[in-house]
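Note sheet for the following structure.
The values are calculated or read from the model by the stated rules, or taken from the named source; none is laboratory data. Because the structure is predicted, anything quoted here is derived from the model rather than measured. Virtual Cβ from ideal backbone geometry, glycine too; neighbours counted across all protein chains shown.
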Amino acid sequence: MSNATATTAVPQVNNYDPQAIKPLDDYVHLSEAELYDRIQEAKRKLGDRVVILGHHYQRDDVICHADFTGDSFNLARQAQTRPNADYIVFAGVHFMAESADILSAPHQKVILPDLGAGCSMADMASIEQVESAWEQLQELGIANIMPITYMNSAASLKAFCGRNGGAVCTSSNAVKLFEWALGEADKLFFFPDEHLGRNTGVKHGISLDKMVVWDPRLDLGGNTAEELREAKVILWKGFCSVHGRFLPRHVDERRAEYPGIKVLVHPECRYEVVQKADLNGSTEYIIRVLSEAPAGSQWAVGTELNLVNRMTKLHKDKFVTLLSPDLCMCATMFRIAPENLLWSLENLIDGHVVNHITVDEDTAHWARVALDRMLANRGQG
Ligand code: 13P
Ligand code: SF4
């Protein structure tokens, strides 16, 4: 972790000499084969000094270079298992790179090959909005409420949870985290994903009328004081633009098209879709279910396109298709291209750390507190 300036949801460019670095323009016309060979060669030259982490939603021509693949939390933990690596190149999105910086050793530098690789869901909750909501709840006299943030959030929100007795959760441990949190507090304030929060609340046996939505544009989030006092879970009005595209009618259409097909979705999908599906769970869960499914089984999968396509290719003895006819691809994940990856690696060889992602010490400390509470109370999905 670095001592450099505070990082918010807006990516920061670090203090390398722009004159000295190799320009990205030099890479945009390289052929696929040349990019592949040069990335492999750069990795060979950097050896143990670099580790490349690849999220499951990355494109094939990038993920093929990853030393580790995983979901957001597993990747952040992988960073801790390679203390010899001076550089962690994160093929994923900004909040993941921040988490890697928070969890990695002080000498390690985390690099995001394209600073435009953000997350629209994470951007739906800013620290100012969350602090204002929290103050409004306190003014109503709502005490004994615990803030929980999804991993897909800025480091400042994780730190807010750390400071206020809360925790982080991922889609694979949200049920377990809710169980723990509701044993500690009367109610939960969950951000930024409304759908994961609602789907998890329902798994925990909380009725829909005990979960209200907080719209940050409205006073009291658009609720009455009474509704907020009665609620068990207050859900932030945020969503994933990729998983939000799956609709209940897609489940009906796939079932009509392929009788007997099983529907498997991510809990970032809306409640009505999750209710109609046969199974739902985190990215790692989806991968596990498909790998353990019998030959000849048929699956319509409601998650990011690159992962579904990879599963289709990997499981040739099964039928695996995307749940929706639309191409549900995460455009920001897709911004990490072989060109940026090679550019960042070859600059490292020259001693230039480009696109260095850092979280300031105080934010990192409190975010780590919230992450540690998750680790102490997590389960597997
Ligand atoms: P996981 O990586 O935790 O499965 O989250 C899904 C996702 O949307 C990542 O951006
Ligand atoms: Fe964000 Fe959704 Fe993309 Fe994940 S898939 S990075 S939650 S927009």
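Observations on the structure shown:
- Residue check, K203 away from ligand 2 (no atom under 16 Å from the Cβ) and in contact with a Lys or Arg (Cβ under 6 Å, 6 or more places away or on another chain): no
- Hey, E128 surrounded by fewer than 22 Cβ atoms within 10 Å (Cβ to Cβ) and assigned to a helix (DSSP H, G or I) or not: yes
- F90 being more than 12 Å from ligand 2 (Cβ to nearest atom), farther than 17 Å from T363 by Cα, modelled with pLDDT of 95 or more and buried (at least 24 other Cβ atoms within 10 Å of the Cβ): yes
- Qualifying residue in region 361-381 (condition: modelled with pLDDT of 95 or more, crowded, with 18+ Cβ neighbours inside 10 Å, among the hydrophobic types (A, V, I, L, M, F, W, C) and within 15 Å of ligand 2 (Cβ to nearest atom)): no
- Checked against the criterion of being in a loop (DSSP other than H, G, I, E, B), β-branched (V, I, T) and within 22 Å of I52 (Cβ to Cβ), region 271-290 has no qualifying residue.
- Condition met for G197 (within 16 Å of ligand 1 (Cβ to nearest atom), of a type outside the set (V, I, T) and closer than 24 Å to F334 by Cβ): no
Quick grid of which residues meet (1) touching an Asp or Glu at 6+ places or on another chain (Cβ under 6 Å); (2) within 29 Å of A174 (Cβ to Cβ); (3) within 16 Å of ligand 2 (Cβ to nearest atom); (4) modelled with pLDDT of 95 or more:
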position: K43; (1), (2), (3), (4): no, no, no, yes
position: H56; (1), (2), (3), (4): no, yes, yes, yes
position: D61; (1), (2), (3), (4): no, no, no, yes
position: R77; (1), (2), (3), (4): no, yes, no, no
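- For region 93-113, the candidate set comprises residues that are assigned to a loop (DSSP other than H, G, I, E, B) and within 13 Å of ligand 2 (Cβ to nearest atom); within that set, the residue that is surrounded by the fewest Cβ atoms within 10 Å (Cβ to Cβ) is V93.
- Among the residues making up region 204-217, a single one is free of Cβ contacts under 8 Å to residues at least 40 places away in the same chain and either within 15 Å of M121 (Cα to Cα) or within 16 Å of ligand 1 (Cβ to nearest atom) (or both): D215.
- Any pair with Cβ under 7 angstrom, 6 or more apart, that starts in region 41-60 at a residue that is of a type in the set (D, E) and ends at one that is buried (at least 22 other Cβ atoms within 10 Å of the Cβ): D48/A85
- Any hit, region 211-231, residues being buried (at least 24 other Cβ atoms within 10 Å of the Cβ) and within 16 Å of ligand 2 (Cβ to nearest atom): no
- Residue match in region 332-348 (condition: more than 16 Å from ligand 1 (Cβ to nearest atom) and either among the hydroxyl-bearing types (S, T, Y) or without any contact (Cβ under 8 Å) to a residue 12 or more places away in the chain (or both)): yes
- Region 165-191 residues that are within 12 Å of S282 (Cβ to Cβ), paired with ones that are hydroxyl-bearing (S, T, Y) and within 14 Å of ligand 2 (Cβ to nearest atom) (beta carbon under 6 Å, 6 or more apart): S171/S282; S172/S282
- All conditions but one from (1) buried (at least 18 other Cβ atoms within 10 Å of the Cβ); (2) not in a strand (DSSP E or B) apply to G141; the one that does not is (1).
- In the set (1) without any contact (Cβ under 8 Å) to a residue 40 or more places away in the chain; (2) within 28 Å of V89 (Cβ to Cβ); (3) in contact with a Ser or Thr (Cβ under 8 Å, 6 or more places away or on another chain), the condition left unmet by L375 is number (3).
- Within region 330-360, the only residue that satisfies the criterion of being within 16 Å of ligand 2 (Cβ to nearest atom), buried (at least 23 other Cβ atoms within 10 Å of the Cβ) and assigned to a helix (DSSP H, G or I) is M333.
- Residue list for region 51-92, restricted to those being part of a loop (DSSP other than H, G, I, E, B), out of contact with any Lys or Arg (no Cβ under 9 Å at 6 or more places or on another chain) and away from ligand 1 (no atom under 11 Å from the Cβ): R59, C64, A66, T81, R82, P83
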